[in-house]
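*Asks:* Just passing along the structure, written as structure tokens.
The values are calculated or read from the model by the stated rules, or taken from the named source; none is laboratory data. Values in this document were obtained by computation on a predicted structure and should not be read as measured data. Backbone-built Cβ (ideal geometry, glycine too); neighbour counts: all protein chains shown.
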Amino acid sequence: MLTEQTHLPPVLAEQLAGLRHLTDGSSDLLAEPFLCGGISCALVTCEGMISNAALSDLVIRPLAELQAVPDSAALFRKICAERMLTMDKAVVYTFGAVLERVYAGFAVLLAEGQTGAVACGVQGFDRRSIGEPSGETNILGAHEGFTEAIRTNLSMLRRRMKTPLLKFELHPVGRLSRTDTALCYLTDRVPEQLIRRIREAITHTELDTLLTTGYLQPFIEEKPDGLFDSVSLTERPDVLCAKLLEGRVAVFIDGNPFALVIPKLFAESFQSLDDYSYKPWYAAFIRYVKYGAFFLTLLLPALYTAVSVHHPELLNSTLLLLLTKAEADEPLSLPLEAIGVLLMYEIIREASLRLPKVVGGAVSILGGLIIGDAAVASGLISTPMLTVAAIAVTAGFIVPDLTPAVTLLRLLFVAAGGLWGLSGIGLLGMAVLFALCSTEDYGFPVTAPLSPLHVRGLRDVLTRIGFRKMQRGNFTVEEYHEQTG
């Protein structure tokens, strides 16, 4: 029975028939018979995956100039030894290997009497040009982000780090898609044990197809069901270069403009590339603003609910009378009111993201009119609650990397504060802190260098020192593994 693992037969007609059988006569598989050096040959390509100009200049023209040869073995020896054709050239021996190369943009040369085929890279499919990152904007840094083409992304890294220590490893993933993934790291900064474990996690991934980072991330993370991610994402080549210098490992997926970075640090959610373009004192100030915004978006609705319901004695008389008057005629309890407002915001946000951009703005306007005006005027929502929710939601925009976890935790904190007051918030906060501290990947906790404590690593967490001091040695993944064993 003919399968992808079947070796190529020596008869050219059987080779072409086998390819058509395995592809069920797919119209994008093109096979053009011709004579090369007096030997019957065929050039197999995939429509839309090759550059016609490259195919003509690098493959067809050199083959047409070949003189007559006695047999196909001599033809292949002459092609492999005397004709460069393309830099990306390989010899394959099975039907599956031929199809894999063809669908990757190669031109595969088959010849009568040969059980192998020569594959030449002439990729030329359409791709999106390099543009500005959509989610990681900055003011003073580079304004270019990764694209969907994996080799373009690798070249963007190589352009910034012209060192042989930067290594790329390509691994196909997906039983059907055979999607290229690239493992990127600096050989002198990453422990070999870490590379081996990540490589095994990628190569043993059991997937039919790989379309986005969410397909691969659960196989890389040691605790994929945790509340906090132990793998981060970035679409900026300059940010990724900085992480590689710290001993991280990056994974690219062909067709996706985001790179997976292993391991992740929780403190990175409050850092941006602009922090290293400002003066250290101003960068430290902005960083503490982000820390405050995180606690504000996470706890403000819960604290308002808990204090108003269970601990009104903590409020001064003026504020207490103001809140009592505002909430006197509300039909819902404060916890239900807070949860309702936050859920309504999530509905509006999700609708704005999923709708086409042409009508996405209308959702924001409609939501603002309903919640900001009609709901307050009708008495369904109080003005203080709407103000508190608006402040909390706006503060969450400062730390977009933590949006999934913050969205869920904000609601849980409101429920805990409404049921048990400040005690409930404290207990839930300890549970969240325990969950955060227990999150790690490949032995590296996301809370480092705070927990476990490494004083030298705090130079870029609690503050932001100048580059003169930072360049004297930064805390890396390899150093952590050496200290922890």
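*Asks:* Give the residues of segment 246-260 that are β-branched (V, I, T) and under 16 Å from P218 (Cβ atoms), sorted by residue number.
*Replies:* Listed by number, the residues that qualify are V251, I253.
*Asks:* Okay, next question. Are there any pairs, at least 6 apart or on different chains, whose C-beta atoms fall under 6 Å, with the first in segment 177-197 and surrounded by fewer than 17 Cβ atoms within 10 Å (Cβ to Cβ) and the second part of a strand (DSSP E or B) and not aliphatic (A, V, I, L, M), and if so, which?
*Replies:* That search, which allows pairs on different chains as well, returns R178/P172; T187/K167.
*Asks:* OK, next. Return the residue satisfying two criteria in turn: it lies in segment 151-175 and is charged (D, E, K, R) and outside any strand (DSSP E or B), and of such residues it is nearest to the chain's Cα centre (by Cα).
*Replies:* R151
*Asks:* Right, another one. When only residues in segment 228-246 that are at pLDDT 90 or above and not in a helix (DSSP H, G or I) count, which is nearest to R160 (Cα to Cα)?
*Replies:* Among those residues, the one meeting the criterion is R236.
*Asks:* What number of residues in segment 203-238 are closer than 23 Å to R175 by Cβ and surrounded by fewer than 17 Cβ atoms within 10 Å (Cβ to Cβ)?
*Replies:* 12
*Asks:* Which of the residues that make up segment 377-413 are more than 28 Å from G214 (Cβ to Cβ), aliphatic (A, V, I, L, M) and assigned to a helix (DSSP H, G or I)?
*Replies:* A377, M385, L386, V388, A389, A390, I391
*Asks:* Somewhere in segment 432-440, is a residue farther than 20 Å from F295 by Cβ and buried (at least 16 other Cβ atoms within 10 Å of the Cβ)?
*Replies:* So far as segment 432-440 goes, yes, one or more of its residues are farther than 20 Å from F295 by Cβ and buried (at least 16 other Cβ atoms within 10 Å of the Cβ).
*Asks:* Scanning segment 430-485 for residues that are at pLDDT below 80, in a helix (DSSP H, G or I) and of a type in the set (K, R), which turns out farthest from G226 (Cα to Cα)?
*Replies:* R468
*Asks:* From the list L109, L176, pick out the single residue that is in the same structural domain as T213 (by TED's automatic domain parsing) and over 19 Å from V251 (Cα atoms).
*Replies:* Residue meeting the stated conditions: L176.
*Asks:* Follow-up. Step by step: first the residues of segment 310-361, then only those that are without any contact (Cβ under 8 Å) to a residue 60 or more places away in the chain and of a type in the set (D, E), then the one that is farthest from L412 (Cα to Cα). Which residue is that?
*Replies:* Out of the qualifying residues, it is D329.
*Asks:* Quick test for you: out of E65, E4, E32, E82, pick the one residue that is within 24 Å of L170 (Cα to Cα) and among the acidic types (D, E).
*Replies:* E4
*Asks:* With respect to the numbered conditions (1) without any contact (Cβ under 8 Å) to a residue 40 or more places away in the chain; (2) crowded, with 17+ Cβ neighbours inside 10 Å; (3) assigned to a helix (DSSP H, G or I), which one is the sole condition not fulfilled by V98?
*Replies:* Going through the list (1) without any contact (Cβ under 8 Å) to a residue 40 or more places away in the chain; (2) crowded, with 17+ Cβ neighbours inside 10 Å; (3) assigned to a helix (DSSP H, G or I), V98 breaks only (1).
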